[in-house]
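The values are calculated or read from the model by the stated rules, or taken from the named source; none is laboratory data. This is a predicted model, so every value here is computed, not measured. Cβ placement follows ideal geometry from the backbone for every residue including glycine, while neighbour counts extend to all protein chains displayed. Heavy atoms of the whole protein, side chains included, go into the accessibility calculation; ligands, DNA and RNA do not. Shrake-Rupley method; radii C 1.70, N 1.55, O 1.52, S 1.80 Å.
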Amino acid sequence: MGITEIFLNYYQYFLRGTQTTVIVSLITVLLGTVLGCLIALLRLSRFRLCSGFAKLYITVIRGTPLLVQLYIVYYQLHFIPWPEGSILGVELARVMPCILALSMNSTAYVAEVIRSGIQAVDFGQTEAALSCGMTRTQAMVNIILPQAVKNILPALGNEFVTMIKETSIIQYLGVGDLMYNNGIVVTATYNPLPCYYISAIIYLTLNIVLGKGLDLFERRMKCSDR
Amino acid sequence: MTADNVLFEIKGLKKNFGDLEVLKGIHTTIRKGEVVVVIGPSGSGKSTFIRCLNLLETPTEGQIFFEGSCITDKGYAVHKHREKVGMVFQQFNLFNNLTILENVTISLKKVKKVPAPAAEEKARALLRRVGLEDKADAYPAQLSGGQKQRIAIVRAMAMEPDVMLFDEPTSALDPEMVGEVLSVIQDLAKEGVTMVVVTHEMGFAKKVGTRILFMDGGVIAEEGTPQQIFEDPQNERTKDFLSKVIHVI
């Protein structure tokens, strides 16, 4: 069986898998960005306890493999009564620990990206904002973060792309993502190579679409650089 | 002892950066309506002094009273103080992510909670005064240095501060743009705006200043009216400094 035949016969598997991958990636990226922002602010905090915690968190997450984190989160949080049922064919009790582990991982990397973006904004901007009577929080929200976002967009896009690819490890917990379904098709056809090509093309397509979207956003942010 | 017209009362102000003693005890009073011009050689602590006045630098020792309250007290609401003190920087520091109009209105809207239409009306009127109303929708990156600095002055004035601080407002400008910025500052002085100006423009100091502070080595070495300082300096260091900066060709 060639690649076209396999795809035509088994496309529902690939489609279902892609759906799960997209949902998991999307939620992970969103959670990772929000929490990453939070950890970055803690990391830059004047309070030792906050910055110390953020530093420790980043060190631990960056220093251990994602797969190990996934298993630890899964087994450690086994006592949590994850909600029953499923959304779009994705079993919640299985997928929620995965999303949690992936987000926790993404958070650490995003935090470092955001921190460097914030620190790259000229300190004069902060001084000017404070001199106008703004509080530190107001200066951060109105002046620094909008400029930092522009700095970090390329690096953040990189992290998003990485995350889409990294979600493939959730197959080890039996979550029906793209790679999990790929495995089913391989077993059914005894013909692995075309299956992997199909999966590769799907991942590539997802990331190209994501890349285009980020390009568009970046261009819109550039309006103040003319 | 705080008479009605006293704005700043500075007592024994000291500032260290690590082991480096930059301010070694500043004592002075700044009254309403005064145009205090701070001159002195590089590294004499002029900028540090003016930055202490709106607490961008936290004094190591000493007290600063502003309109009767001690702003160097622990727990004093620093941002409330800064609302009343306008600051103009050497590097302009316009908000790069905002248009010119937004640069002027943002503190009105966010700090003083002025409704957007009123803030914009006020901002446009101020922009018109410095001849830059047509730049309202431009971004800082599209402006010349002189234009940026005029906007920075407008941004500070929009808050209707009790005093304006200028930290070397023309030092980062191309020579042909110095005049346009100084004339805006001079206009404000004529209107009776209280200001403290750190500058190397001796002609401006002489013409606009009501009092000159000559700083050297972290202290005020000599102070007086422009006539006293420029025509009859008493301190050797003042004489030495002026002989170096006033070039007779």
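Among the residues of the range B:41-68, those identified as more than 15 Å from residue B:29 (Cβ to Cβ) and small (Gly, Ala, Ser) are B:42, B:43, B:44, B:45, B:47. Out of A:20, A:33, one residue alone is modelled with pLDDT under 95 and touching a Gly at 6+ places or on another chain (Cβ under 8 Å). It is A:20.
Given the structure, is residue A:186 within 26 Å of residue A:220 (Cβ to Cβ) and at pLDDT 90 or above? No; evaluated as a whole, the condition is false for this residue.
Every residue, every condition in (1) among the charged types (D, E, K, R); (2) open to solvent by less than 50 Å² (accessible area, probe 1.4 Å), yes or no:
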site: A:5; (1), (2): yes, no
site: A:19; (1), (2): no, no
site: A:33; (1), (2): no, yes
site: A:58; (1), (2): no, yes
site: A:71; (1), (2): no, no
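Look at residue B:120 and say whether it is at pLDDT below 95, assigned to a helix (DSSP H, G or I) and either away from chain A (no Cβ under 14 Å) or over 30 Å from residue A:220 (Cβ atoms) (or both). It is false that residue B:120 is at pLDDT below 95, assigned to a helix (DSSP H, G or I) and either away from chain A (no Cβ under 14 Å) or over 30 Å from residue A:220 (Cβ atoms) (or both).
Among the residues of the range B:178-236, which ones are open to solvent by less than 30 Å² (accessible area, probe 1.4 Å), part of a loop (DSSP other than H, G, I, E, B) and closer than 17 Å to residue B:156 by Cβ? Hits for the range B:178-236 are B:193, B:194, B:199. For the range B:147-164, check the following and say yes or no: at least one residue is polar (S, T, N, Q) and within 14 Å of chain A (Cβ to nearest Cβ). Yes, that holds for at least one residue. On the given criteria, is residue A:46 open to solvent by 80 Å² or more (accessible area, probe 1.4 Å), modelled with pLDDT under 90 and either assigned to a helix (DSSP H, G or I) or of a type in the set (Val, Ile, Thr) (or both)? Answer is no for this residue. Which one of these does residue A:103 not meet: (1) out of contact with any helix residue (DSSP H, G or I) (no Cβ under 8 Å at 6 or more places or on another chain); (2) open to solvent by less than 30 Å² (accessible area, probe 1.4 Å)? So the condition that residue A:103 fails would be (1). Residues in the range A:120-155 that are facing another protein chain (nearest Cβ under 7 Å) and not in a helix (DSSP H, G or I): A:132, A:133, A:134, A:135. Looking across the range A:155-173 at every residue that is over 20 Å from residue A:196 (Cβ atoms) and open to solvent by 20 Å² or more (accessible area, probe 1.4 Å), the one that is farthest from the chain's Cα centre (by Cα) is identified as A:155. Among the helices (runs of 4 or more DSSP H) confined to the range B:43-113, the ones with at least 2 residues that are open to solvent by 20 Å² or more (accessible area, probe 1.4 Å) and at the interface with chain A (Cβ under 8 Å from one of its Cβ atoms) are located at B:78-83.
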